[in-house]
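First up is the structure itself, then whatever we jot down about it.
Read the figures in this text as sums done on the coordinates, not as results from a lab. For clarity, every value in this text was computed on a predicted model and none was experimentally measured. Ideal geometry is used to build each Cβ from the backbone, glycine not excepted, and the neighbour counts take in all protein chains shown.
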Amino acid sequence: MQVLKKKPEVLAPAGTLEKLKTAIYYGADAVYIGGNAYGLRSRAGNFSYEEMQEGVAFAKRHEANVYVAANMVAHEGDMKGAGDFFRTIRDIGVRAVIVSDPALIETCMIEAPGLPIHLSTQSSATNYETLNFWKQEGLERVVLAREVGMDEIKEIRNHTDVEIEAFIHGAMCISYSGRCTLSNHMSARDANRGGCSQSCRWKYDLFELEHQGVCQAYTDEETDEPFSMSAVDMSMIHHIPDFIENGVDSLKIEGRMKSIHYVSTVANVYRKAVDSYCEDPAHFTFQQAWEDELWKVAQRELSTGFYYGTPNEQQQLFGRRRKIPVYKFVGQVLEYNDASKIATVQQRNSFSVGDKVEFYGPGFTHVYQTINQMWNDEGEPIERAAHPMMKVRVQMDAPVKPFDMMRKAK
Ligand code: SF4
């Protein structure tokens with residue numbers, strides 16, 4: 001009989017307060033956010049202390065945790081104010097801080113005792129000796145480098161009891177766990193201080209100086225696409241048992257800059273998969289519906305990253321985007337009236353009478369509906385919900401719940 005060692009947490013990204021609440025509502029056990037300093041996502045809608053307070057209070061009400069990423073590579077002058085920052089987030093009730101720079105780690109330990117520290121993936125931890133080193137230094141958890149294989153995770157777990165966090169879904173860097181200076185060179189923005197402009201995903205031609213001709217060897221022969229270093233995304237939905245059986249404590253979803261449509265969908269799927277496995281490991285069966293759901297928000301092809309060997313050029317499919325996401329997020333349910341079967345929806349993208357839409361909610365619930373009748377907030381019948389954030393009443397055949405999301409196939 002298979003014995004469940006430990007149920008891992010599902011850890012979701014939250015670039016804003018709205019995304020934090022969405023991620024937790026859709027099943028995340030924990031979220032990671034950025035503060036106004038020391039993080040690696042300067043454009044991710046980072047949290048003020050007041051927003052953090054609200055986010056932490058919301059998380060506690062739902063028995064979830066909030067971690068703050070402070071994983072920049074700190075240059076001279078960057079340390080100023082770090083002690084205050086760590087003390088403040090500790091006092092707000094943040095569960096742990098994610099750090100990679102040793103100076104920030106030491107500052108946090110000295111200035112904010114009691115605030116647990118997780119080593120960021122940015123530190124590229126790839127062996128158990130490294131994990132044990134950081135455990136001895138007093139760290140609670142290590143986020144593994146994305147280049148670690150599943151066999152290595154097994155070996156690491158056999159030699160350390162420090163908590164292990166591993167990525168299960170999201171964008172990959174073509175450089176080593178984000179240690180990259182491409183943005184620094186191409187757009188004068190330091191990727192290791194929060195400024196990555198995703199320069200690897202641009203399209204390039206190579207020129208040979210003497211002849212000034214395009215080097216054809218670096219274009220895709222079939223599509224004539226220019227050369228790109230853009231890696232496909234990772235999805236480990238087929239391999240959740242491997243993580244759990246190898247003792248991974250936290251399953252991390254990438255994407256603090258992604259939408260609430262993305263966060264809700266991905267958290268929902270992995271919550272369902274992890275719960276399904278943990279309820280009955282011996283009889284766990286993979287559900288194709290989980291993968292189908294992930295494809296509704298996928299922007300690139302999906303792969304297993306480095307978990308089962310170093311991916312070759314074809315597996316990484318450099319530069320080939322998935323055409324476009326096949327579903328568009330069009331609204332969020334604000335309330336539902338059981339008696340009239342009318343849902344009040346906040347519009348996020350336009351939709352019309354005649355559209356076939358899908359409502360989805362926490363717990364992997366789905367309701368499919370053709371819109372036959374709808375009204376604006378004044379009760380007037382309308383054919384099209386055209387204005388962003390407008391309130392629309394939609395006649396339903398089946399009930400939905402507040403916070404359910406609504407999307408339509410493109
Ligand atoms: S430019 Fe690309 S490879 Fe470099 S840090 Fe940004 S996403 Fe990663």
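Ranked highest first by the average count of other Cβ atoms within 10 Å around their residues, in what order do 151-157, 289-295, 397-403 fall? All intermediate terms of the calculation are to be shown ahead of the outcome.
Numbers: 151-157: 17.6, 289-295: 16.0, 397-403: 14.1.
With the highest mean Cβ count within 10 Å placed first, the list reads 151-157, 289-295, 397-403.
The Rg/Rh ratio for region 327-409, using Cα coordinates for both the radius of gyration and the Kirkwood hydrodynamic radius, is 0.91.
Could you rank the peptides 331-344, 296-309, 379-392 by their average count of other C-beta atoms within 10 Å per residue, with the highest value first? Don't jump to the answer; show the numbers that get you there.
On the way: 331-344: 16.1, 296-309: 18.4, 379-392: 13.6.
In decreasing order of mean packing, 331-344, 296-309, 379-392 become 296-309, 331-344, 379-392.
With both residues required to sit in the chain, DSSP beta bridges show an antiparallel share near 55%. In the elastic network of the chain, a GNM with C-alpha springs shorter than 10 Å, the most mobile of GLY34, GLY354, GLY194 is GLY354.
Among 137-144, 81-88, 257-264, what's the highest-first ranking by average C-beta atoms within 10 angstrom per residue?
On the way: 137-144: 20.1, 81-88: 17.8, 257-264: 22.5.
Order by mean packing, descending: 257-264, 137-144, 81-88.
In the chain, helices alone account for a calculated mean residue ellipticity at 222 nm of -7500 deg cm²/dmol, with every DSSP H run of four or more residues adding -39,500 (n - 2.57). Structure note, pairs LYS6/LYS408; LYS5/LYS408; LYS21/LYS408: Cα-Cα distances above 29 angstrom occur for LYS6/LYS408; LYS5/LYS408.
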